[in-house]
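Laboratory data are not the source of any read-out in this text; all were calculated from the coordinates shown. Owing to the predicted nature of the structure, the values given are computational and were not obtained by experimental measurement. Heads up, the Cβs are rebuilt from the backbone with ideal geometry, glycines too, and the neighbour counts pull from every protein chain shown.
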């Protein structure tokens with residue numbers, strides 16, 4: 001089977017397994033190698049859970065919690081302690097993840113923000129990322145939920161990149177009984193508007209899909225094509241994450257089936273086929289035991305991996321030891337190289353705020369990869 005221009009109907013057949021997958025996987029590897037060669041990247045990071053309060057009620061989430069049951073904000077001192085510990089461990093990224101607009105639901109959030117002199121949670125993220133950028137060698141990468149153009153412009157001087165997962169383009173997933181019901185911030189139209197705004201701000205942006213939350217194969221393919229077409233207009237998408245759903249205890253989806261490795265690998269390969277050779281394609285390595293299999297499906301990045309902090313979104317899934325990440329990657333004939341939260345091809349005056357350019361320059365080598373001190377990795 002030859003692989004012409006990506007086609008929706010054929011993509012559906014390939015993901016559904018109605019075609020022999022080996023040719024698909026071979027094409028995905030060919031495309032990856034064409035532009036990325038044998039280099040696989042990762043970002044050495046600390047995870048900063050700014051607040052576990054959220055106004056959404058996703059049925060698969062254990063990150064968000066109500067006040068009195070774990071829902072709270074980190075103080076600036078808390079955040080700086082994490083950042084400085086990461087700096088000591090040779091990290092280059094501070095990933096800011098948080099619930100979406102909790103002040104719209106929880107009066108406790110309003111009280112905290114007022115005490116910090118912040119007008120909103122997004123404004124508080126700006127304050128925190130500016131401090132981390134100014135006082136440490138780390139580069140903030142904020143994933144604070146929906147953001148308009150003005151918010152992204154305000155974050156640009158302290159964040160070389162931003163992120164927001166689309167998850168899925170289907171509004172059906174917001175209906176009663178579906179995973180995004182009563183989750184105003186999961187409206188795909190609003191999420192796409194956030195991603196599109198990154199093109200106008202000239203902000204490198206990370207996004208992607210979440211696989212296995214109740215979507216149909218057609219909805220999954222439509223999500224990938226929607227992101228592809230958006231990036232054709234903006235050029236700002238630096239990375240596509242393809243993330244597999246993991247069922248978690250104490251959630252309404254705790255008994256839901258997880259995507260099989262074989263199915264998920266086909267999704268990853270189809271994503272490579274749709275986005276082509278130049279897109280950076282990531283699969284999180286801590287959500288599959290034999291994560292090396294995705295190298296055979298066309299990825300070129302493992303995303304953020306921490307030698308220090310847990311994955312607060314998937315706390316049941318520890319990061320692989322960095323030595324294991326390297327050995328698994330090298331065993332399949334690749335070189336593992338560290339990067340900043342912004343990819344090398346986006347480091348330049350078109351995409352990076354002038355105030356960050358000098359810092360990115362002293363933190364990267366001649367090819368744009370991160371300069372990381374040779375430190376011994378430790379278990380967490």
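Assign one of three labels to the stretch 123-203, namely rounded, prolate or oblate, based on the Cα gyration tensor with a ≥ b ≥ c the square roots of its eigenvalues; rounded applies when a/c is under 1.5, prolate when it is not and a/b is larger than b/c, and oblate otherwise.
On the way: a/c = 3.02, a/b = 2.13, b/c = 1.42.
Judged from the Cα gyration tensor, the stretch 123-203 comes out prolate (a/c at least 1.5, a/b above b/c).
From the alpha carbon centroid of the stretch 78-136 to that of the stretch 304-319 is 18 Å. Running a GNM on the chain with Cα contacts under 10 Å, which residue among 338, 144, 259 ends up with the highest mean-square fluctuation? Looking only at 338, 144, 259, the biggest GNM fluctuation is shown by 259.
Can you sort 180, 321 by how many other beta carbons sit within 10 Å, fewest first? Can you show the working numbers first?
Values: 180 25, 321 15.
Sorted ascending by nearby Cβ count, the order is 321, 180.
Cα centroid separation, the stretch 1-68 to the stretch 323-353: 17 Å.
What does the helix-only formula give at 222 nm for the chain: each DSSP H stretch with n ≥ 4 adding -39500 (n - 2.57), the total divided by the residues, and the result rounded to the nearest 500 deg cm²/dmol?
Details: 11 runs with 135 residues, N = 380.
The per-residue figure over the chain is -11000 deg cm²/dmol.
Checking the a/c ratio against 1.5 first, then a/b against b/c, what shape does the Cα gyration tensor give for the stretch 1-72? Oblate is the answer for the stretch 1-72, as a/c is 1.5 or above yet b/c matches or exceeds a/b.
Beta bridges assigned by DSSP with both partners in the stretch 8-358 are antiparallel in approximately 5 percent of cases. Dimensions of the chain based on its C-alpha atoms, expressed as ranges along the principal axes with the largest first, amount to 62, 52, 40 Å. Name the shape class, rounded, prolate or oblate, that the alpha-carbon gyration tensor gives for the stretch 72-156, where a ≥ b ≥ c are the square roots of its eigenvalues, rounded holds for a/c under 1.5, and otherwise prolate holds if a/b is larger than b/c and oblate otherwise. Here the stretch 72-156 falls in the prolate category.
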